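What follows is a set of notes on a single structure, which appears directly below.
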Ligand code: 4FV
């Protein structure tokens, strides 16, 4: 499965290097991912190439005009009617691993990047299939949000991550945070790698990792634990963890917040 991504933006150069490095760069070389930027300004007809205007009803800032956006989207749709149009906006549905997986099944995404106070409402009503937010904060533009989405979605395309890796194993897989990771040296300034990880006992290692994933999730993201489908073994580990946290808290108060 390969994916095509068209990005509608006023700043196409923002995409030159971030998407050319490392894993995404290789995915593009391997033809698994095809990324094209379209400058919305190129879809203006006036000599001043005006792409924004003052908001009707007054108020601060400017709004992106609907006509150039309409022409840009129609130019993409003329090549592929089934292209899925996404607008990145703080008013969109929260982006998460599950949504990333679902978007990875679509062969052609079009990402509309807003600037200023956003785009004219009619661009959303008439052309946008899905609105997505990467978080409850305000960026200067949708470009960085588009890059985040492309990165997270691309990891689900078979062949993008190393052959043995699949995005299915990651954090948030069944919505638990990842367990602690260690590598050489075994001892760093007296801080040692947990013995179980040096034991070669893979059954014990996976129990330790499950317990640590549950501990970290219960301490940092209890909201995720609430929606995780835990096995009976997980529930036993959770009891153990809550017991030890309880004891720990009684002994020395709340965990250090990282
Ligand atoms: C955003 C977000 C975001 C809002 C005004 C662009 C900015 C400006 N996009 N998730 N958070 N967009 O802040 O996706 O036009």
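The values are calculated or read from the model by the stated rules, or taken from the named source; none is laboratory data. No experiment lies behind these values; they were computed from the predicted model shown. Please note: Cβ atoms are built from the backbone with ideal geometry, for glycine as well, and neighbour counts cover all protein chains shown.
Mind checking whether some residue in region 65-78 is assigned by TED's automatic domain parsing to the domain that holds residue 43, within 16 Å of the ligand (Cβ to nearest atom), under 16 Å from the mean Cα position of the chain (by Cα) and not in a loop (DSSP other than H, G, I, E, B)? No, the conditions are met nowhere in region 65-78. The lone criterion from (1) in a loop (DSSP other than H, G, I, E, B); (2) surrounded by fewer than 17 Cβ atoms within 10 Å (Cβ to Cβ); (3) within 20 Å of the chain's Cα centre (by Cα) left unmet by residue 26 is number (1). Among the residues in region 170-189, are any away from the ligand (no atom under 16 Å from the Cβ), surrounded by fewer than 17 Cβ atoms within 10 Å (Cβ to Cβ), part of a helix (DSSP H, G or I) and modelled with pLDDT of 95 or more? For region 170-189, residues away from the ligand (no atom under 16 Å from the Cβ), surrounded by fewer than 17 Cβ atoms within 10 Å (Cβ to Cβ), part of a helix (DSSP H, G or I) and modelled with pLDDT of 95 or more: absent. Scanning region 124-134 for residues that are more than 12 Å from the ligand (Cβ to nearest atom) and surrounded by 17 or more Cβ atoms within 10 Å (Cβ to Cβ) yields a total of 3.
Annotation note: of 99, 149, 88, 111, the sole residue that is surrounded by fewer than 18 Cβ atoms within 10 Å (Cβ to Cβ), outside any loop (DSSP other than H, G, I, E, B) and in contact (Cβ under 8 Å) with a residue 24 or more places away in the chain is 99.
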